[in-house]
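The next block holds one structure in the form of structure tokens; read it before the comments.
The values are calculated or read from the model by the stated rules, or taken from the named source; none is laboratory data. As the structure is a computational prediction, the values presented were derived from the model and not from experiment. Reconstructed Cβ throughout: ideal geometry from the backbone, glycine too, with neighbour counts over all protein chains shown. SASA here: full protein model, heavy atoms, side chains in, ligands and nucleic acids out. Shrake-Rupley method; radii C 1.70, N 1.55, O 1.52, S 1.80 Å.
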Amino acid sequence: MMQLIRGFRDILPGESAHWQAIEEAARRLFADFGFQEIRIPLLEKTALFARSIGEDTDIVEKEMYTFEDRKGDLITLRPEATASVVRAYIQHKLYAGDPFHKLFTIGPMFRRERPQKGRYRQFYQINAEVFGTDSPLIDAQLVYILMTLLGRLGVSGVQAHVNSLGCPVCRPDFKAALMVFALGRSAALCADCLRRKEKNPLRLLDCKVPSCREAMAQAPEMGTYLCPDCREHFQRFLSALSRLNVPHVPDSRLVRGLDYYTRSTFEIQTHVPGAQNAIAGGGRYDGLVKALGGPDIPATGFAIGLDRLAEIVKKDSQSAPGRPDVFIAALGGKSREKAFEWACRLGEKGIFAEMDFGDRGLKAQMKRAGKLDARYVIIIGESELSTETAVLRDMAAARQEDVPFSLLLGTVIERIGNPH
Ligand code: AMP
């Protein structure tokens, strides 16, 4: 038997209805806040991710699905969406005229992480990106949108962890201080941290290895290194969250694994204990558009993990296929052809007509119609074919009538309420 690849998953029909409900809630919310959808490719040139995510990150170092295509070009299955959205923003000059854009995209991402509960190698994200303003109010609005989505989906007990990562003016001093601190504790650090402490010492703050956590417990905090502009920016972010009554806690350990983040950074966490408690994360990446060859335009965004969201959102969406409006019970090959044509024509009119494609008797077909809870049943057999009149049965009223073929579809459409 063929099995799927480790770390990959199927979203089966019952589950997919639940996912659809969540995606619809997200789409509605994005419309409420003026976001437009952008659809980006699954494959991009490897260099895009290496440049935007950073060479010395887990994603680029060990998690990307990268391969040569038939011409020898290096391409990668997208591990996240921001790089591609920024690339598209620059490539299509979306900034011309008005740089301000609010975009969202929903789809799969690929990272070759160690599979475990809540962690997949193909997982799904809902992404939002806002270009063209460095205002902390937009950062607060993004957190508010996340919280609103969770609220509309009935998820409670969530909190935003927030931090500021500073900017190119103040971050170097903080990095230097961290490096000096880490140097004094080299003996306790894991191999990854030892390797990263010079190039990306921020990463030492979110290493999950217990000895590293302990060694870095007293590490310097970005808060004390923020320049006046970044300090004010962070304060305005926090007070906007307070005004919007968003539960939030400053968290100096929140550094994000990606290089291009500046200033406001946030993560939405649930209180459910366990390692995978971040449902969403995001923040500002003011330098990325320029770094990828575009104009100097600030931007900010977030990503929600759809797999984790689907796990914590209560399932109340319908998981069975919809109830048929009509079941057509046909007896014999000729009748079945007629039934098939009617089912297609009704479907085209927005009426769900089910039928039996086998050769079962009337009793079995009526039983199936009952099981599917069809509202109406059309019966067609030898005698109906000869008189060109079908039987139309209202199941709830247990009433039936003869309807000439020529009037049948019109009658059904009228009874069902003509949805289209
Ligand atoms: P990131 O792009 O790493 O900031 O992740 C944003 C969100 O995507 C996280 O908060 C998770 O909810 C989700 N996520 C990231 N990696 C995975 C994964 N391997 N499996 C499932 N969800 C993930």
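Using the beta-carbon distance between ARG323 and SER252 and R0 = 56 Å, what value does 1/(1 + (r/R0)^6) give for FRET efficiency, to the nearest 0.05?
Once rounded, the FRET efficiency stands at 0.55.
Over all distinct Cα pairs, what is the inverse of the mean 1/r for the chain, reported as the Kirkwood hydrodynamic radius in Å?
When all Cα pairs of the chain are included, the Kirkwood radius is 25.2 Å.
Taking only Cα atoms and a 10 Å spring cutoff, compute GNM fluctuations for the chain and point out the largest among GLY34, GLY223, GLY333.
Per the Cα network of the chain with a 10 Å cutoff, GLY333 tops the list.
Checking the cross-link filter: which lysines have an alpha carbon closer than 21 Å to that of LYS349, excluding same-chain neighbours under 8 positions apart?
LYS338
Which parts of segment 243-257 would a label at VAL209 reach, counting a residue when its backbone N lies under 18 Å from a point 7 Å out along Cα-to-Cβ?
Correct set: 257.
Quickly rank 304-310, 125-131 as a protection proxy: mean count of other C-beta atoms within 10 Å, highest first.
Ranking the peptides 304-310, 125-131 by packing returns 125-131, 304-310.
Which value, in Å to one decimal place, does the Kirkwood hydrodynamic radius take for segment 326-412 when every pair of different Cα atoms is included?
Result for segment 326-412 stands at 12.6 Å.
Could you give the C-alpha radius of gyration of segment 156-244 expressed as a fraction of 2.2 N^0.38 Å, taking N as the number of residues it contains?
Computed over Cα atoms of segment 156-244, the ratio equals 1.24.
About the Cα centre, and with charges only on the beta carbon of Lys, Arg (+1) and Asp, Glu (-1), how big is the dipole of segment 326-412? Nearest 20 debye, please.
300
Please find, in a Gaussian network model of the chain (springs between Cα atoms separated by less than 10 Å), the residue of PHE302, PHE123, PHE100 whose mean-square fluctuation is greatest.
Of the options given, PHE100 has the highest mean-square fluctuation.
Once you've got the GNM for the chain with C-alpha springs shorter than 10 Å, pick whichever of CYS170, CYS190, CYS344 has the biggest mean-square fluctuation.
Between CYS170, CYS190, CYS344, it is CYS344 that shows the largest mean-square fluctuation.
Longer than 31 Å from Cα to Cα, which of LYS71/LYS117; LYS117/LYS367; LYS93/LYS314; LYS197/LYS290 are they? Say none if no pair is.
LYS71/LYS117; LYS117/LYS367; LYS93/LYS314
With each pseudo-label sitting 7 Å past Cα toward Cβ, what's the ARG345-SER383 distance in nm, one decimal?
My value for the distance between the label points is 2.4 nm.
Which value at 222 nm does the chain reach when only helices count, each DSSP H run of 4 or more adding -39,500 (n - 2.57), with the total divided by all residues and rounded to the nearest 500 deg cm²/dmol?
Taken over the chain, the calculation gives -11000 deg cm²/dmol.
So if R0 is 35 Å, what FRET efficiency would ARG399 and GLU311 give, r being the distance between their Cβ atoms, rounded to the nearest 0.05?
0.15
What nm distance separates the two modelled labels at GLN3 and ARG112, each placed 7 Å from Cα along Cα→Cβ?
Taking the two extended label points, one gets 1.9 nm.
With charges only on Cβ, +1 for K and R and -1 for D and E, what is the dipole size of the chain about its Cα centre, in debye, rounded to 20?
Roughly 880 debye for the chain.
Using 0.36 nm times the number of residues separating LYS62 and GLU337, minus their current alpha carbon distance, what extension gain do you get?
93.3 nm
If you roll a 1.4 Å probe over the heavy atoms of the protein chains, what accessible area per residue do you get for segment 326-412, in Å²?
With all protein chains present, segment 326-412 gives 55 Å² per residue.
Under 18 Å between alpha carbons, and skipping anything fewer than 8 positions from LYS371 in its own chain: which lysines qualify?
LYS363
Which FRET efficiency value, to the nearest 0.05, is calculated for ASN245 and THR411 with the Förster distance at 60 angstrom and r the Cβ-Cβ distance?
0.65
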